[in-house]
Every structure is written in structure tokens, then in C-alpha cells.
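Single-structure report; data block below.
All of the numbers you see were taken from the coordinates with simple rules; none came from a lab. All values derive from a computational prediction rather than experimental measurement. All Cβ positions, glycine included, derive from the backbone under ideal geometry; neighbour counts span all protein chains shown.
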Amino acid sequence: MLYLVPTPIGNLKDITLRALDVLKEVDLILAEDTRTSSHLLNHYQISKPLSPYHQHNEHKVLQHLVTQLQAGKKMAVITDAGTPGISDPAFLLVRECIKAGVKVECLPGATAFVPALVNSGIPATRFCFEGFLPLKKGRQTLMKQLAEEERTMIFYESPVRLVKTLEEMITYFGADRSCSVSRELTKMFEENKRGTLQEVAAFFKEKTVKGEIVIVVAGKER
């Protein structure tokens, strides 16, 4: 059995009771960063073997993990924050487990883009999640395509690239397009800035930005 276990995106109290039960009963926990995950597990007095599983080693350890699962081991995949597979490793292992006949179960739980979308004030009836934009190759092409997207768009971004990305969105989407930037969700210094792309970009240009970032942008009006 392979469990995909969402972990809190900030506030440790946001983990579910079921997630804690699963983490206590599995044989092995696969963690994106064992140091980060140890903080969470120690907080809830969970003592289980930890093994690194991230984008730099997932191809290398994939078959070994599937073999162990086929032999009867129970494993849980967790990331530094949020749901495994959402802009974090998990897809390759899930696909191989399905091929190998290993049962896979994903628990419901924290994902940063959901609260960012819901509290943005931008329509959430129809939306598309784009995750992190390409850094170089294909970035301009994708921006041109998304300029015509009519659904609400959701992006992840790093603090150091936030202003540059907002300025690019102004170029391709227009300065008056509605947007919302959420950072440090569920944490002590949570911040949600709403307005036009021009207003939000100007706001963050005047301050030092830290924390995890979610950008929500309104789609093109019909």
C-alpha cells in the first residue's frame, strides 16, 4: 500500500487525524526533505524510518520502492508542505505502483492554491492550475497562450521572482487584470494582496518578499 499524505502548508495544526494515524502505522515514510519532515513528525511524536524522495533521486530509487511495496511494505509519501504530486514529486511513483498492481490511496488535506483561490475574490467556478512557470524555454510562448485563457489562473512563484513575474503578466495580460497574491498562508505573517496586476506589482516592488507565494489571476473577459 502506498499512501499520499498531505502535510500542513504552515500551521502544524492543519494536519488531519487520519494523516497522523497513517504516518504512525506505515513501515517507511518517503520525505522530500527529511530535516523538514522530522520537525513535523517530532511534533506529533511519530517515530518511523525516513527516506529521502525528491526530484533529484526519484528515478534512481523508483524501482526499488515498487519492489518493496510489492513485497508487502506500507509506505507514505509526504512533501515539505501540501499534497504530494502538486508541484512536488509523487507522479512517477504513483504511475509505477498502478502498473505493478500496488494499491495507492491519497488522503485529502492541505494544498496551498485552494485557500489562495477561495480568498482571492476572483471567480472560482472554473480555474486552471499552472504551478511554476518555465524559467526560460517556453515561458514567453506559454504567457501568450494564457493571455487568451478565460478561466481563473493559479500560479506558484518564488519570492525573488514575484515582481518580475507580475510585470511580465502586465505585459501579456494587461495592467488592469484582477489578481491576488497570497504568501505565508496559515502562518503568523499571512498576507493576501488583491487588486489589479499593476497595483499588486507596485505594492510588492516596495517591500522585501519572503515565504511561499500563490498568484491568482482573473481570466480574460469574453
Inset, instruction - Give the cross-link partners of residue 187 among the lysines, using a straight C-alpha distance below 29 Å as the criterion and excluding same-chain residues fewer than 8 apart. - result: 13, 24, 48, 164, 205, 207, 210
Inset, instruction - Could you calculate the contour length gain from residue 57 to residue 158, that is, 0.36 nm times the residue separation minus the distance between their Cα atoms, to one decimal place in nm? - result: 34.1 nm
Legend entry - Cα centroid of the range 164-222 to Cα centroid of the range 54-98, whole Å: 33 Å
Legend entry - Label-point separation in nm, residue 188 to residue 20, each point 7 Å along Cα→Cβ: 2.3 nm
Legend entry - residue 106 long-range amide H proximity, modeled H, under 5 Å: 4
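Stretched out fully, how many nm does the piece from residue 98 to residue 64 gain, at 0.36 nm a residue minus the Cα gap? Intermediate results must be reported in sequence, preceding the final value.
Working: separation 34, 0.36 × 34 = 12.24 nm, distance 1.50 nm.
Full extension from residue 98 to residue 64 adds 10.7 nm.
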Legend entry - Principal-axis tilt of helix 58-70 within the chain, Cα atoms, nearest 10 degrees: 40 degrees
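Over the Cα atoms of the range 90-222, what is the Rg over Rh ratio if Rh follows Kirkwood? Display every interim value, and only then the final one.
On the way: Rg = 16.3 Å, Rh = 15.9 Å.
Computed over Cα atoms, the ratio is 1.03.
Going by average Cβ neighbours within 10 Å, how do the peptides 29-42, 81-94 rank, with the highest at the top? Walk me through the numbers on the way to the answer.
Working: 29-42: 17.4, 81-94: 19.8.
Sorting 29-42, 81-94 by mean packing, highest first, produces 81-94, 29-42.
May I ask you to work out the translational diffusion coefficient for the range 2-106 at 25 °C, viscosity 0.890 mPa s, via Stokes-Einstein with Rh from the Kirkwood sum over Cα pairs, reported in whole µm²/s? Don't skip to the end; give the middle numbers.
Values: Rh = 13.6 Å.
The calculation lands on 180 µm²/s.
Given a cut-off of under 8 Å on Cα pairs at least six residues apart, what relative contact order in percent is computed for the chain?
Averaging sequence separation for qualifying contacts and normalising by length gives 22 percent for the chain.
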Inset, instruction - Quick one: work out Rg over Rh on the C-alpha atoms of the chain, Rh as Kirkwood radius. - result: 1.02
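Work out, step by step, the length gained on full extension between residue 11 and residue 44: first 0.36 nm times the residue separation, then minus their alpha carbon distance; give nm to one decimal.
Values: separation 33, 0.36 × 33 = 11.88 nm, distance 1.31 nm.
Here the answer is 10.6 nm.
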Inset, instruction - Would you list, by chain and number, the aspartates and glutamates whose Cα falls below 18 Å from the Cα of residue 136, excluding same-chain residues fewer than 8 positions away? - result: 157, 167, 168
